[in-house]
Amino acid sequence: MAAPASPSTGTPIPLAHRLRDAVIAGLVAMALAVPFLGLRTVNLDQGLVVQAKLAYVPLAGAIVFLGRLVLGLLAAPLAKAAAPLTAWRPPVSAQRLRPWGGPLLVLAAVALPFLPFANRYVIDLGTTALIYILLATGLNITVGLAGLLDLGFAAFYAIGAYTCALTTTQLHWGFWPALAAGGLASSLFAVLLSLPILRLRGDYLAIVTLGFGEITRIIILNWQGLTGGPNGVSGIARPTLFGLTFDRRAPAGGQTFSDLTGIAYAPEHRLIFLYLVILALTVLAAYTVARLRRLPIGRAWEALREDEIACRSLGINPTMVKVSAYATGALMGGLAGCFFAARQGFVSPESFGFMESATILAIVVLGGMGSQAGVIIAALFIVVLPELARGFADYRMLAFGLAMILIMIWKPGGLLSGRLPTIRLSTAKPKPVAEAA
Amino acid sequence: MTEPLLDAPLLDVRGLTMRFGGLLAVDGVDLTAERNRITALIGPNGAGKTTIFNCLTGFYKPTAGRLLLRHPTRGPIELQKLKGYGVARTGVVRTFQNIRLFPSMTVLENLLVAQHQALMPKSVFSFAGLLNLKGWRAAEASAVDTARDWLRRLDLLAVADEAAGNLSYGMQRRVEIARAMSTNPLLLCLDEPAAGLNPRETRALAELLAGIRAEHGIGILLIEHDMGLVMDISDRIFVVDHGARIAAGTPAEIRNDERVIKAYLGEPDADDATAGGGTH
């Protein structure tokens, strides 16, 4: 009748238990190893034949047995070593730096393309990371603040991208009006979508949004006449700076950036410009969300996440709150989509699959629901880490998965899981005496 | 209580009936609640008190009956015709038997969410708020002042910036009352506000409710099992049992009402005539 032992309480688990556990793991590994390792298909002259290489099976069993045993013995010391990591909070002195964090980060981001090590590759990677930050900032409103799980966010991304693609190629709009149209169209679709699904919550809501994401992609894929189907849309207008293009030669009746400024033409200029455009959009979005959190609408989003019934008892209309959360999130998704389309010059349905929704959601969850700084860190992690790990070739996704698992073990609430209050009584200004009297 | 009494009650409930399939939970209950008065709704467990509350505050649509609120500026309003959240907008605001705060938001934020209806137009659907215009800043400062007054009143100033979910049970009850009061209600509906409070906290609650009655000119409707509290502060008591009203009157009348004693203590048996000993 041994009391249930856990690594944290320090009660030692008897070695016999550990051995039995390891033997079971080894046997399972051997059973799995028979089809995976023990049987090989070999291409011989007479065709494809199956060769039995059963020597691998006991080997796999032995490795798993030893691994399991070592892991079991190390579990307690490992947990002890990881404990300070789990409990880590920023020191109080760091709190004083908090108001400076945002502006410093923006300055660093603006400076990035002009630093000596910034080549095409770095700027391109930065642009991609910023697109994901913008997308995750939008999804963070729906999921992190309002608590409405959305597994189909790529739909809004796609609607923004295709609105931009079609208005610039069919209607010959410039990039900037198309950007506004992309954001608004995406927002409008979010309102239309959210009306029928407002009664759902939790798992049901997640499944319906997943469906909506797929339906959007499939409609785009099949509506050949409008969207070009699987061939996509090409020839999307590039962003311009007050009408200046970043091409080598000016289009008819236009002017290029290098003509006007006298700076010799370089293809990097366009990349840097794209980077700065998405940076500006992202900073604007992040600032907007930070302000919205302090407004009645933002507080209502969070209150809705906390307790919908209590919201109703205070006269808050949950329908309006949900619709506004969806619409605001989708607006940012649409802007990101539109920028994505203009940057690539080409869109196709492949870019907006479920993996895209899952990646954006992973950024929000990994960063810590509702945290803007968390979104930035997690987006950099998700975009940059697989790039850094390119040297590991096929194993990089494995390493990526492992890193995600480790974060979820040590920081189950996300990297930055603490919620910052939107107002403090101690710092709130009292009403001027003259007015109060 | 210097204000003259209005000739008609603030809330007038006639023939309230609520049926869940085959179950008749509330059967034609009549009820009134007046301004400057504490009205208590009592009854044994499962009598239908919370169902009546849920109908009153828009969480259930009653099967039949008329819930008339005499609003001082909007005129008579039939609450049963409003959408759920619309009832709270008329000034009928409730608390819950199992406290429902926004646990990870701070106490102050809880009280600001309660003022959503007043603040939303002031933020001009967020545009003025986004630009941080002067009108918006003044509106927010006055909302914070309202919240600060209620926090002071309920002795919660020290925990204003704490997450509401981290507070003790008694404090959470007080936050819920403060939150309801910062909506500036006409009728405050409290569902078992003393449940889980110790005797000292219950006494403080009684003083608070008496103070609100005296100063704010609002009606208070109360479900409560603590008979000491009910008899102490109520002006009028309605007793329900098995979904029907069995008595109404002042505390003294209710205390001696035979049907009430029977509902609470059961029919005295021939061999157990000494059972009971007054209301508990």
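Just so you know, all these numbers are worked out from the coordinates, no wet-lab data involved. Values in this document were obtained by computation on a predicted structure and should not be read as measured data. Every residue, glycine as well, gets a Cβ built from its backbone with ideal geometry; the counts of neighbours run over all protein chains shown.
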At R0 = 51 Å, FRET efficiency that the Cβ-Cβ distance of B:Lys262 and B:Ala141 yields, to 0.05
0.35
Return the unpartnered cysteines for chain A, using a Cβ-Cβ cut-off of under 4.7 Å.
A:Cys311
Among beta bridges that DSSP assigns inside the protein assembly as shown, antiparallel share in %, nearest 5
65
Taking Cα pairs closer than 8 Å and at least 6 residues apart, the relative contact order of chain A in percent is 22
Simple SL model, points at 7 angstrom along Cα→Cβ for A:Phe354 and A:Phe242; separation in nm is 4.9
May I ask which residue of A:Phe340, A:Ala290, A:Ala76 lies farthest towards the positive end of the charge dipole of chain A, with charges of +1 (Lys, Arg) and -1 (Asp, Glu) on Cβ and the Cα centre as origin?
A:Ala76
A 29 angstrom limit on the alpha carbon distance is what I want to check against. Which of B:Lys61/B:Lys122; A:Lys322/B:Lys81; A:Lys322/B:Lys61; B:Lys83/B:Lys122; B:Lys61/B:Lys262 exceed it?
B:Lys61/B:Lys122; B:Lys61/B:Lys262
If each of A:Gln255 and A:Met397 carries a label point 7 Å out from its Cα toward its Cβ, how far apart are those two points in nm?
5.0
Can you give the FRET efficiency to the nearest 0.05 for B:Lys81 and A:Val110, using r as the Cβ-Cβ distance and R₀ = 60 Å?
0.60
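Rounded to the nearest 20 Debye, what is the dipole magnitude of segment B:153-217 about its Cα centre when Lys and Arg each give +1 and Asp and Glu each give -1 at the C-beta?
Working: 7 positive and 9 negative charges, 28 e Å.
The calculation lands at about 140 debye.
Expressed as a fraction of 2.2 N^0.38 Å, the rule-of-thumb size for a compact globular protein of N residues, what is the C-alpha radius of gyration of the protein assembly as shown?
Rg over 2.2 N^0.38 Å, computed on Cα atoms: 1.21.
Taking the beta-carbon count within 10 Å as an exposure proxy, list A:Arg270, A:Arg249 from fewest neighbours to most.
On the way: A:Arg270 17, A:Arg249 10.
By the 10 Å Cβ count, ascending, the order reads A:Arg249, A:Arg270.
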Around B:Trp136, under 12 Å between beta carbons, what's the net of Lys plus Arg minus Asp minus Glu among the other residues?
+4
Within a 10 angstrom radius of the beta carbon, how do A:Ile272, B:Ile42 rank from fewest other beta carbons to most?
A:Ile272, B:Ile42
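Please compute the average number of Cβ atoms from other chains found within 10 Å of each residue's Cβ in peptide A:293-305. Present the calculation step by step, with values, prior to reporting the outcome.
On the way: counts 0, 7, 12, 18, 8, 3, 10, 4, 0, 5, 9, 2, 3.
So the per-residue partner count for this stretch is 6.
With the contact rule set at Cα under 8 Å and sequence spacing of 6 or more, what percent relative contact order holds for chain B? If you can, show how the numbers build up before the last one.
Details: 489 pairs, mean separation 72.9, N = 280.
Reported relative contact order: 26 percent.
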Let me know the charge dipole size of segment A:53-208 about its Cα centre in debye, to the nearest 20, where only the beta-carbon of Lys, Arg (+1) and Asp, Glu (-1) is charged.
540
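Sort the following peptides by mean Cβ neighbour count (other Cβ atoms within 10 Å, averaged over residues), highest first: B:107-114, A:235-242, B:213-220.
Numbers: B:107-114: 28.2, A:235-242: 16.5, B:213-220: 18.0.
So the order, starting with the most tightly packed, is B:107-114, B:213-220, A:235-242.
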Where does each of B:Leu190, B:Leu154 land when they are ranked from fewest to most other beta-carbon atoms within 10 angstrom?
B:Leu154, B:Leu190
When segment B:1-142 is reduced to its Cα atoms, the Kirkwood hydrodynamic radius in Å:
17.7
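Residues of B:157-166, mean number of Cβ from any other protein chain within 10 Å of their own Cβ, rounded to a whole number? All intermediate terms of the calculation are to be shown ahead of the outcome.
Values: counts 1, 1, 1, 6, 7, 1, 2, 1, 1, 0.
That works out to 2 on average.
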Averaged across B:84-95, how many Cβ atoms of other chains sit within 10 Å of each residue's Cβ atom?
4
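Using a simple charge model, +1 on the beta-carbon of Lys and Arg, -1 on the beta-carbon of Asp and Glu, nothing else, what dipole does segment B:106-191 show about its Cα centre, in debye to the nearest 20? Each step should come with its number before you reach the end.
Numbers: 9 positive and 9 negative charges, 48 e Å.
The dipole of segment B:106-191 has a size of about 220 debye.
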Quick check: net charge around A:Glu268, other residues with Cβ under 11 Å of its Cβ, Lys/Arg +1 and Asp/Glu -1?
+1
